[in-house]
Ligand SMILES: [Zn+2]
């Protein structure tokens, strides 16, 4: 084990938890393309991964806290591509404000969230 790899003087922030190494690796590769160093919790210090069976609680993807914001925004893109739009913020059609996904009314003008059935068209 190499304790320096997870040194306590480096502040890591978990930016996502994945059900499988495959998903985590996709996200990690995306971050690395952008030049963001990341760590998978559940990864051995020599770079090998635990067998999937040992990672039943999910695999955490961590980055330095200074990279967390940009990493999250990159992963948002990944999530939108792989899981659909349910967790996306929505844009109010009346005033154009961005509204968080948990809200059904625009925080600004109280317009009702638009029906997304038009996505099927
Ligand atoms: Zn609005």
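Determine, yes or no, whether residue 49 is away from the ligand (no atom under 16 Å from the Cβ), touching a helix residue (DSSP H, G or I) at 6+ places or on another chain (Cβ under 7 Å) and at pLDDT below 85. Answer is yes for this residue. Pairs are defined by a Cβ separation below 8 Å, a sequence spacing of at least 6 or placement on different chains, a first member in the stretch 87-102 that is in contact (Cβ under 8 Å) with a residue 24 or more places away in the chain, and a second member that is more than 9 Å from the ligand (Cβ to nearest atom) and assigned to a strand (DSSP E or B); the pairs so defined are 90/98. Of all residues in the stretch 52-71, exactly one satisfies the criterion of being surrounded by fewer than 16 Cβ atoms within 10 Å (Cβ to Cβ), touching a strand residue (DSSP E or B) at 6+ places or on another chain (Cβ under 6 Å) and modelled with pLDDT of 80 or more, namely 65.
Restricting attention to the stretch 84-105 and to residues that are within 10 Å of the ligand (Cβ to nearest atom) and over 23 Å from residue 16 (Cβ atoms), the residue that is modelled with the highest pLDDT turns out to be 95.
The values are calculated or read from the model by the stated rules, or taken from the named source; none is laboratory data. Everything quoted here is computed from the prediction, not taken from an experiment. We place every Cβ from the backbone using ideal geometry, glycine too, and count neighbours over all the protein chains shown.
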